[in-house]
Amino acid sequence: MGEFGLIEQVTAGREQSPGTLLGPGDDAAVLRAPDGRVVATTDVLVEQVHFRLDWSTPHQVGRKAVAVNLSDIAAMGAVPTGVLVGLGCPPDLPSSVAEELVGGMWEEAQQVGIGVVGGDMVSASSLTISVTALGDLQGREPVTRSGARPGDVVAVAGRLGWSAAGLAVLGRGFRSPVAVVGAHRVPEPPYAAGPQAALAGATSMMDVSDGLLSDLGHIAAASEVAIDVRTEQVEVPQRLSEVASALGADARHWVLTGGEDQALVATFPADRELPEGWRAIGAVAEGSGVTVDGFTYEGPSGWEHWR
Ligand SMILES: Nc1ncnc2c1ncn2[C@@H]1O[C@H](COP(=O)(O)OP(=O)(O)O)[C@@H](O)[C@H]1O
Ligand SMILES: Cc1ncc(C[n+]2csc(CCOP(=O)(O)OP(=O)(O)O)c2C)c(N)n1
Ligand SMILES: [Mg+2]
Ligand SMILES: [Mg+2]
Ligand SMILES: [Mg+2]
């Protein structure tokens, strides 16, 4: 199938998402920007680096590719308005795989009431997916990485360590449909928690894509503060402990440094009540860097490409 046939196949019969005034199908989409500002973010996923088609179905990969972008929109305190999808497909990729991928993208987008408003299809040596998400602040100020203040509480919404546990299970050759494997295949970012944190006065926020400690390092650096994670406050779910003991791995390490669950981590003034779904895990102080119970964490604090 040629390029235009494939585009026709993946766009045909799709409903236009709310807020889309035009597209896909013209040179660009036109979206409503009620706030007068547009939030924009992009993340690329590459076969063998971010996913394997013997570990995940194309539909699951499509959902994940959109989810990792929508979590960045939520991490600004915004709501998504549309996604654009770039697909680099090897010439021997069955068109049904592209169709399923786009189907997964639509499913995830529709979880938050939006759609795929445009994209691009090119030939490539390995399957490459680039998603751009756009969002609306609904009149609120963006919650950046740089607003954490000494005395703030550090809190998290969503799962930590589940995706890393699933990756460990898959990496050891098991394909059983345990919950952690499901979590690795399709993350469940707490989308609504982003805008809720913004409304509750969060001073900084980001999504956890690389690992809690690594990502808190970005907040600490941008805000010029120190962050201490208190392990007595960080829950290690029973499920993760079970998987860890079966694999001879460390569940706490997954929770502290595992990426790809797309949880949200934020800081809040200590006198504010945390919004529903948020749990305290540490504190902000004067200084720099991230510590765990006052000590520097031994070993890598999260995923880093080329390391
Ligand atoms: N090639 C690039 N050009 C411009 N900005 C980039 C590029 N790559 C990354 N960035 C920016 O650097 C910041 C950190 O990137 P990244 O760690 O990928 O963030 P995230 O985990 O939220 O996706 C983001 O603001 C991102 O937009
Ligand atoms: C086959 C495979 N190997 C390893 C991983 C683990 N992994 C790949 S990228 C990544 C971190 C997140 O990806 P990144 O491109 O850094 O996203 P961003 O931080 O930009 O959101 C992790 C934990 C995986 N998902 N799949
Ligand atoms: Mg990124
Ligand atoms: Mg992010
Ligand atoms: Mg990263």
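Structure values in brief
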{"quantity": "Check on Ala67, open to solvent by 10 Å² or more (accessible area, probe 1.4 Å), within 16 Å of ligand 3 (Cβ to nearest atom) and among the small types (Gly, Ala, Ser)", "calculated": "no"}
{"quantity": "Given (1) of a type outside the set (Phe, Trp, Tyr); (2) over 21 Å from the mean Cα position of the chain (by Cα); (3) more than 24 Å from Val79 (Cα to Cα), index of the condition Glu235 fails", "calculated": "(2)"}
{"quantity": "Complete set of residues in segment 89-102 that are in a helix (DSSP H, G or I) and either under 20 Å from Ala78 (Cα atoms) or open to solvent by 20 Å² or more (accessible area, probe 1.4 Å) (or both)", "calculated": "Ser95, Ser96, Val97, Glu99, Glu100"}
{"quantity": "Residue that is most open to solvent (accessible area, probe 1.4 Å), among those in segment 40-58 that are away from ligand 5 (no atom under 16 Å from the Cβ) and part of a strand (DSSP E or B)", "calculated": "Ala40"}
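The values are calculated or read from the model by the stated rules, or taken from the named source; none is laboratory data. Given the structure is predicted, the values throughout are model-derived calculations rather than measurements. Backbone-built Cβ (ideal geometry, glycine too); neighbour counts: all protein chains shown. Note: accessible area is taken over every heavy atom of the protein model, side chains too, but ligands, DNA and RNA are not part of it. Shrake-Rupley method; radii C 1.70, N 1.55, O 1.52, S 1.80 Å.
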